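K.L.:
Just passing along the structure, written as structure tokens.
The values are calculated or read from the model by the stated rules, or taken from the named source; none is laboratory data. Just so it is clear, the model here is predicted, and its values are computed rather than measured. Neighbour counts are summed over all protein chains in view; Cβ atoms, including those assigned to glycine, are modelled from backbone coordinates with ideal geometry. Ligands, DNA and RNA are stripped out before the accessible areas are found, and what is left, the full protein with its side chains, is counted by its heavy atoms. Shrake-Rupley method; radii C 1.70, N 1.55, O 1.52, S 1.80 Å.
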Amino acid sequence: MNALPHSPDVPSAAPEELELAIVGAGFGGLCMAIRLLAQGERRFAILEKGGEVGGTWRDNSYPGAECDVQSHLYSYSFAGKPDWSQRYAGWREIQQYILETTERFGVRPYIRFNQQVTGLHFDPDSARWRVILASGLELRARHVVLATGPLHRPNLPRLPGLERFAGKVFHSAQWDHGYDLAGKRIASIGTGGSAIQYCPRIAPAAAQLHVFQRTPAWVIPRDVRTYGESTKKRFRRFDVLRRLHRARLYWTNESRVWPIFHPALARGLQRLARWNIRRAVGDESLARKLTPDYTIGCKRVLISNEWYPMFRRPNVELVTADIREIRERSIVTADGVERPVDCIILGTGFVVDPRIYMQGFPVTGMPGHELARDWQAGAEAFYGISVTGYPNLHQLVGPNTALGHNSIIFMIEAQVRYVMDCLRTLRERGADYLDVQAPAQAQFNERIQHALQDTVWSSGCRSWYQQADGRNFTIWPYSTWRYWLETRRVDAAQYRFGQAQKGTAASHVDGHVD
Ligand SMILES: Cc1cc2nc3c(=O)[nH]c(=O)nc-3n(C[C@H](O)[C@H](O)[C@H](O)COP(=O)(O)OP(=O)(O)OC[C@H]3O[C@@H](n4cnc5c(N)ncnc54)[C@H](O)[C@@H]3O)c2cc1C
């Protein structure tokens, strides 16, 4: 049960003290909480701006929303689910899994919903973080775990005249299920991961669907097999079989890391993908428009069996001309064509650059450290977790830890274990905080950027993996097991340890505590 009373509605003079404040109740924040509870740590709270757990899978309920990593892998290693219905589960089943896991591990009492964190400030004297909430409340915590997710803030494009549009407009992550799309003339903007999933599902009922494409994505066939009752029964009865299945999926995905480093392999895959487009679309000129001009893998490879065949429908049009203007009831493209529409769906993805999505969320660390300034040239961290100058601030799915080939849950679990090791290291040293050394962080990022140079991600495309100057701040450029191996234990020599000095400056000693 929750050992902590919930925050009172009225701000009190003395802010509540926590050992850990976790920001976000998606896969990351929940994993952190489960691991803390397993170690008997109860002095924490999850602060979640939404009204339910799930993050990505709470918000993305659009038709056809499914994961593109196999469900047996896209779930916690310690909470296997023997009865996934299909290879790649839909959002409803994933969200149900998250809800059940939250209950199973007793996490819910520790979550404070509708609590948006709007600022984090480290006080070196007390070695505590001040956690500022939108409600005006303030908490204090020794550690903060930022599990705010890499893809949660919808990217709302500035389309000329959009504010004048008199029809319906919504973003794919804020799907309006009350709005009936049947018989409507729909414009869908964007051809990324979400659009390729919902467009084929809404096309049959629409009067007309105009798909506005800026850059085509490589879309390869999806394994749509379901798990039969006998397989589920076997997995339920013999957990080892489920684990073996999971291991097989993991190593299959890991083998996909090779085309990333060997462009010749990527080119082979690309020929197959090109053939698949021509076969599925059945129209040479349309196939050409749908075929990317960059190397496969440079942007996230998408999977769908429905995307290309959808363009055979008479009521679906691919529009590649730029949008010039949006009028009250229509969209005009650069070639002067005006298309009347009732509804615009923004399948325009998410704001991924933390320097942008963390605007209005000031984070200040040791004197002179302001995250917005420290990250001006680019977001970087040590293994995506620790940032120099921000003691006891731990990130999940931070810079350069996203993947193009395997499950992010694997990375989250490795990061959570690393944070647990940070807590253990601090306890053993009798210190109040740890702060990664600047040279350690710099060397780490030099290595990452160097490794990224010869990969498919640097083969010339513009992708959301990169910031404006082309620097890739998103991707982990190696195998996931290498990440697991390198984050197995905290290397104390890479950190500075310090003590709270109530009233005076904190003592700060390299590699050890005074
Ligand atoms: C449509 C879609 C499909 C995806 N499919 C896949 C896939 O197939 N495979 C894969 O590996 N990854 C996929 N991803 C990436 C996905 O985001 C991660 O897999 C995973 O869900 C990340 O979990 P998380 O806990 O880090 O973040 P999230 O699930 O985004 O959770 C973050 C939580 O933090 C909360 N929050 C954010 N800011 C604040 C704040 N200031 N105060 C309080 N609370 C806050 C949010 O409300 C949210 O609940 C997909 C993403 C999207 C959008």
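K.L.:
Shape call for segment 194-259 from the C-alpha gyration tensor, a ≥ b ≥ c root eigenvalues: rounded (a/c under 1.5), prolate (a/b greater than b/c) or oblate?
P.N.:
oblate
K.L.:
Just the number please: accessible area per residue for segment 363-461, 1.4 Å probe, all protein chains included, in Å².
P.N.:
33 Å²
K.L.:
To test your reading of the geometry: what angle, between 0 and 90 degrees and rounded to tens, separates the Cα axis of helix 91-104 from the longest principal axis of the chain?
P.N.:
So the helix axis and the longest Cα principal axis differ by about 20 degrees.
K.L.:
In what sequence, largest accessible area first, do Arg243, Arg185, Arg140 appear using a 1.4 Å probe?
P.N.:
Of Arg243, Arg185, Arg140, the descending order of accessible area is Arg243, Arg185, Arg140.
K.L.:
Give the average over all directions of the projected area of the C-alpha convex hull of segment 308-351, one decimal, in nm².
P.N.:
Averaged projected hull area, Cα only: 4.3 nm².
K.L.:
Can you give me the convex hull volume of the Cα atoms of segment 290-393, divided per residue and expressed in Å³?
P.N.:
Cα convex hull per residue, to the nearest whole number: 207 Å³.
K.L.:
If I fit a long axis through the Cα atoms of helix 263-281 and take the longest principal axis of the Cα atoms of the chain, what angle between them do I get, 0 to 90°, rounded to 10?
P.N.:
40 degrees
K.L.:
Next question. Using a 1.4 Å probe over the heavy atoms of the protein chains, calculate the carbon and sulfur portion of the accessible area of the chain as a whole percent.
P.N.:
The C+S portion of the solvent-accessible surface of the chain is 52 percent.
K.L.:
Using a 1.4 angstrom probe with every protein chain in place, what is the largest-first accessible-area order of Val240, Val456?
P.N.:
Val240, Val456
K.L.:
If you take every residue apart from Ala334 with its C-beta less than 10 Å away from the C-beta of Ala334, what net charge results, scoring Lys and Arg +1 and Asp and Glu -1?
P.N.:
Result for the neighbourhood of Ala334: -2.
K.L.:
Can you compute the radius of gyration and Dmax for segment 1-134, using only the Cα atoms, both in Å?
P.N.:
16.6, 53
K.L.:
Hey, another quick one. Hey, what angle do you get for helix 408-429 against the long axis of the chain, alpha-carbon based, 0 to 90 degrees rounded to 10?
P.N.:
10 degrees
K.L.:
Keeping all protein chains in position, work out how much accessible area Leu485 exposes to a 1.4 Å probe, and write it in Å² to the nearest 10.
P.N.:
80 Å²
K.L.:
Now for a different question. What does the net charge come to around Arg274 if you take all other residues with beta carbon closer than 14 Å to its beta carbon, with K and R at +1 and D and E at -1?
P.N.:
After counting each charged neighbour, the total is +4.
K.L.:
Would you mind computing the Rg to Rh ratio of the chain from its alpha-carbon coordinates, Kirkwood style for Rh?
P.N.:
0.98
K.L.:
Leaving out ligands and nucleic acids, note down the accessible area per residue over segment 79-149 with a 1.4 angstrom probe, in whole Å².
P.N.:
Accessible area per residue: 35 Å².
K.L.:
At 1.4 Å probe size, put Glu66, Glu138 in order of accessible surface, largest to smallest.
P.N.:
My answer, sorted largest first, is Glu138, Glu66.
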